């Protein structure tokens, strides 16, 4: 059985008529930027994410940049980020001119370790940026307590974890201001680039509304140096169709993860995802770890099973960050995770037979 790494068919086919209707509604409205569709989606996502305010922006990176800008973070400030994350988390800090302070994760969950965060706080630290990596909630109560103790801001990167929670509270609702992405492959994906900022703070939300629109509240009157970073009407309309189905898609992802856990149990040299006590995992990705990643990936490819690596090179070793003078060995946990991680197929609509086929191929290699 061929098993693709990702398939949208089971998600999009049942929604085809509704998605087409949403497209037609926007087309006929003759209003394509910052209109009623964006306002309606912002209200709906706020209700889903249990926050007071959602501000739609162009993409997930912009969401993080605008969140940092709204907090006034810039040159001279330090921001604590994970040493293992997609590079967008680091890029956001760089784009506002602040200093990146990488912190190693808990090897079991791949998420930021609060104890290591505490050790990295300095007099110049202004914010902590936890990333709910692969869809598992970080230990947010501990992170928020640290932030309160040291009078720091928290900006959650919730791009991979829409609908996850820690101690029953949604990710993307803990931080002072937070960013998420609706890139097509995310658990809630648009049909192009899209993102949002979430917060309970009206003043911060209003700053982001101004920043996303050229620094302007009134057309042609610009009060600050802003951006052109607006969630467009079409993507907002399409996301409104998908949002009510997200809880069911999450349930399906969690079921697939349960099947993986059952079918992959007991394979020597293969470490399965571990979920921290109090956390939920929405399985944006199902990531296993093995010291023979290259061999296993090639074997699975020959069996018609798609896999990807999230992410093969940690940010501190990327060419883009050569100027920071990090070297191999500086962040050994991040480097080990990058060298051993392999993302298996994971999408709503996967059946147990798909999972069994993947597991059979893995067992045949081991």
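Coordinate-derived values only; no laboratory data. Predicted model, so just to flag it, every value in this text is computed and none were measured. Because the Cβ atoms are built from the backbone with ideal geometry, glycine has one as well, and the counts that use them run over all protein chains shown.
Values computed for the structure shown
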| item | result |
| --- | --- |
| The chain, relative contact order in percent, only Cα pairs under 8 angstrom and at least six apart counted | 23 percent |
| Fully extended contour minus Cα-Cα distance, from residue 95 to residue 39, at 0.36 nm per residue | 17.4 nm |
| CD proxy at 222 nm, helix term only [per DSSP H run n ≥ 4: -39500 (n - 2.57); per residue of the chain; nearest 500] | -11500 deg cm²/dmol |
| Contour excess over end-to-end distance, with Cα ends at residue 216 and residue 364 and 0.36 nm allotted per residue | 47.3 nm |
| Distance between segment 163-230 and segment 44-103 - C-alpha centres, whole angstrom | 10 Å |
| Mean separation of Cα contacts under 8 Å, 6 or more apart, over the residue count of segment 245-365: relative contact order % | 38 percent |
| Mean Cβ neighbour count within 10 Å, used as a protection proxy, ranking 6-18, 354-366 highest first | 354-366, 6-18 |
| Residue 272-residue 248 FRET efficiency (beta carbon distance; Förster radius 25 Å; 0.05 resolution) | 0.55 |
| Approximate spin-label separation residue 148-residue 5, in nm, with each point projected 7 Å along Cα-to-Cβ | 4.1 nm |
| Ratio of Rg to Rh over segment 1-86 (Cα coordinates, Kirkwood Rh, two decimals) | 1.09 |
| Inter-label distance, nm, simple model (7 Å from Cα along the C-beta direction), residue 351/residue 201 | 5.0 nm |
| Extension gain from residue 325 to residue 339, taking 0.36 nm per residue of separation minus the Cα-Cα distance | 3.0 nm |
| Distance in nm between pseudo-label sites at residue 292 and residue 13 (7 Å out along the Cβ direction from Cα) | 3.6 nm |
| Taking the C-alpha atoms of the chain, convex hull volume expressed per residue in Å³ | 136 Å³ |
| Residues residue 167 and residue 265, FRET efficiency given R0 of 30 Å [Cβ-Cβ distance, rounded to 0.05] | 0.60 |
| Rotationally averaged projected area of segment 245-365 (alpha carbon convex hull; nm²) | 9.3 nm² |
